[in-house]
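Shown next, in C-alpha cells, is the structure this report addresses.
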Amino acid sequence: MELHILEHSLKVASIEKEGIEICTHGLIKLAFLASKTRCKFFSLTETPEDYTIIVDEEGFKELPQSNLISVADSTWLALNVVSGGGNASSSQPIGVTKIAKSVIAPLADHNISVFMLSTYQTDFILVRERDLPMVMHTLSSEFTLFRVVNGETVAAHNLGISNGFVKPKLVPRPIIHPLSSPSNMFCVTSLDPDTLPSVATLLMDVMFYSVGSKEVGATSEDSSHIRFFSFSLIEGYISLVMDEQTAQRFPNNVLFTSASGELWKMVRIGGQPLGFDECGIVAQISEPLATADIPAYYISTFKFDHALVPEENIQSVIRALRTESTAQ
C-alpha cells in the first residue's frame, strides 16, 4: 500500500462557544465560498465543549485573532493511506481499524502522537511536522512513501530523510481514558459540492445557530444526548457527520447514504481534556476494534476523541474496550 504525505501545513485550533460569533464570517467563507480563498483543507467539528478547527495556513488567515481561540503550538501534516494508488479523496476508504496495526500502533510504539480525522471519503492521520522524519522511518518498511508537492505525487525517498535512527524501545500503551456512549445515532455522509448552495442556509443554521445539546428527538430525561456535528471540505470533497435528527432536516436525495442506511453510535474518549502530547490513545481504541474486525470512523478534537462504530456493535465495542482498560 501507499502512504501519501499531503502538502498542507495544518493548524489545529479550538474556538470557545462564546467566540463563534466573531469567527462566523471567516468560517462561512471557508465552508461555502471556498473559491474566494486559497484554502484546500478545512474541517470544523462542534462538540458540547467547543469548536475544533483543522485548517491549512491559507485558511487560518481567514480567522480573527482572539483570546477565545486556542491554537495547538505545532504545525501538523496529514498522512493518507491509499490502497492501489490514486487520489487520496477518491480512492476506497481504508477505515481507522484497517490501519490500526500498520500505521496507528507503530507510531504509538515509537512515541509519536497522532490526531485523527476520518471523513466520508477517507482517513487522515495528522502528525507534527517535526515528527515527520521518524514517521517516515517507522512506516517505510510497510508502505511505499509518496509526498504531494505542488499538486504532484512524487516518491518521498529523496527528501533528505535520514535512516540513521536508533530504533526506540517499544513503549507500553497508556491506561485507557474513561469512555462514554451518547444516546444519539449518527450519520456519516456527504453531498455533491454543486448542491451546497441549495442547503447553505440550513447548514449555517446547523453549524452556528442550533442551540444546546437538547435537540429534536432528545427528551428532558435524555441527558446523554450530545451536540456533535462535523463538516469537512478537503480538496473539493465534502464530508458531514451529524446525528440522525439533524440529517432528517435535509431535503430528500441531497445527502449521500449507503444502501443500508447505516447508522453509527459514538464512543467518546476522555474524562478531562486529553491534550496533544500523550501517545497511544488512538491505538488503544483502534487495535481492539481491528482485532474484532469492527469498522470505525475516528475524529479527534481539541479536547476529546470520538470513535463511531455501527450501532449493532456498540455493546460489544464497549465491553471490548472496557476489558482492555481492566487489563492495563
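The values are calculated or read from the model by the stated rules, or taken from the named source; none is laboratory data. Everything quoted here is computed from the prediction, not taken from an experiment. Neighbour counts are summed over all protein chains in view; Cβ atoms, including those assigned to glycine, are modelled from backbone coordinates with ideal geometry. Just so you know, the surface numbers come from the protein's heavy atoms only, side chains and all, with ligands and any DNA or RNA stripped out. Shrake-Rupley method; radii C 1.70, N 1.55, O 1.52, S 1.80 Å.
General remarks:
- Residue under evaluation Asn111, criteria (1) surrounded by fewer than 21 Cβ atoms within 10 Å (Cβ to Cβ); (2) over 27 Å from Leu44 (Cβ atoms); (3) modelled with pLDDT of 90 or more, criterion not met: (3)
- The stretch 114-133, subset open to solvent by 20 Å² or more (accessible area, probe 1.4 Å) and in contact with a strand residue (DSSP E or B) (Cβ under 8 Å, 6 or more places away or on another chain), residue farthest from His306 (Cα to Cα): Glu129
- The condition (being of a type in the set (A, V, I, L, M), closer than 30 Å to Thr144 by Cα and touching a strand residue (DSSP E or B) at 6+ places or on another chain (Cβ under 9 Å)) is satisfied by just one residue among Leu68, Leu79: Leu79.
- Screening the stretch 285-328 for residues that are open to solvent by less than 10 Å² (accessible area, probe 1.4 Å) and among the polar types (S, T, N, Q) and picking the one that is nearest to the chain's Cα centre (by Cα) gives Ser300.
- Highlighted here are the strands (runs of 3 or more DSSP E) found entirely within the stretch 1-83 that include at least 2 residues which are open to solvent by less than 10 Å² (accessible area, probe 1.4 Å) and in contact with a Cys (Cβ under 9 Å, 6 or more places away or on another chain): 50-56.
- Within the set Gly270, Gly280, the sole residue that is over 23 Å from Phe229 (Cβ atoms) and either touching a residue at least 24 places away in the same chain (Cβ under 8 Å) or open to solvent by 40 Å² or more (accessible area, probe 1.4 Å) (or both) turns out to be Gly280.
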